[in-house]
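What follows is a short report on a single structure.
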Amino acid sequence: MKRILMSLLAVWACIAMVGCAHPITMNPDLAAVKAAGAGVTVIEKNVGYHIPDAARALEVTTPGGGGDKVRYFPYRDLEPGLYAALGEVFRGVTKIANPTDKAAMKSNGVSLLITPEINTSSFSESIVTWPPTLFTVKLICTIADGEGKTVQVLTVNGEGRASFDEFKSNFSLSAVRATNDALAKLVKALASSPELRK
């Protein structure tokens, strides 16, 4: 009887684990973001960025391997990297809590406001391991002037891949690589935009 009970418990444990969502992070390597800014001519403007509290608290679930899923907080995880990326391109960066408070932006010398939108996806070829082998980050930045008029919308796509041998010690590796890639491309896109240098 004890054996049957143990077998049933083992089966229940396996069923409970199938399809579960494992936590990972998209936290970028800030040294890699800084490296992307090497050789960039700084734009002599102060910019602000705005991430709503609801977006910062948003948890996303996407596919992993073995029928499992992964979950993470895209805006919260990516925010330090966004700040670093903007700092590589612009003279100053300020976090803006209320984008309609034009007086506060003016007092901080903010001439451009950047609002990011983040879309992600993940995938794994493995039927055994759950960490994603492929992760993508689509970063859409709407850039407005001090009056709220859209100056430009920049879109960059980051991709990160990781094999089992690599991610067995870092389950978030493909996500981190995708974030690094997207932020490096954002630095280049911002720095090369004639509109933002006007």
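The values are calculated or read from the model by the stated rules, or taken from the named source; none is laboratory data. These numbers come from a predicted model, not from an experiment. Heads up, the Cβs are rebuilt from the backbone with ideal geometry, glycines too, and the neighbour counts pull from every protein chain shown. Remember, those area values only see protein heavy atoms, side chains included, never the ligands or the DNA or RNA. Shrake-Rupley method; radii C 1.70, N 1.55, O 1.52, S 1.80 Å.
Please enumerate the residues belonging to the stretch 162-174 that are out of contact with any Gly (no Cβ under 6 Å at 6 or more places or on another chain) and surrounded by 16 or more Cβ atoms within 10 Å (Cβ to Cβ). Those that are out of contact with any Gly (no Cβ under 6 Å at 6 or more places or on another chain) and surrounded by 16 or more Cβ atoms within 10 Å (Cβ to Cβ): Ala162, Phe167, Phe171, Ser172, Leu173.
Taken over the stretch 8-43, residues that are at pLDDT below 90 and either open to solvent by less than 70 Å² (accessible area, probe 1.4 Å) or touching an Asp or Glu at 6+ places or on another chain (Cβ under 6 Å) (or both) amount to 5. The residues of the stretch 88-111 that are among the polar types (S, T, N, Q) and open to solvent by 40 Å² or more (accessible area, probe 1.4 Å), listed by number, are Asn98, Thr100, Ser107, Asn108, Ser111.
So that you can scan it fast, the table gives a plain yes or no per residue for (1) open to solvent by 40 Å² or more (accessible area, probe 1.4 Å); (2) at pLDDT 95 or above:
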residue: Val47; (1), (2): no, yes
residue: His50; (1), (2): no, yes
residue: Lys69; (1), (2): yes, yes
residue: Leu78; (1), (2): no, yes
residue: Leu86; (1), (2): no, yes
residue: Leu113; (1), (2): no, yes
residue: Glu117; (1), (2): yes, yes
residue: Ser122; (1), (2): no, yes
residue: Glu125; (1), (2): yes, no
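Residues of the stretch 175-188 that are open to solvent by less than 50 Å² (accessible area, probe 1.4 Å) and either more than 13 Å from Asp29 (Cα to Cα) or at pLDDT below 95 (or both): Leu186, Val187.
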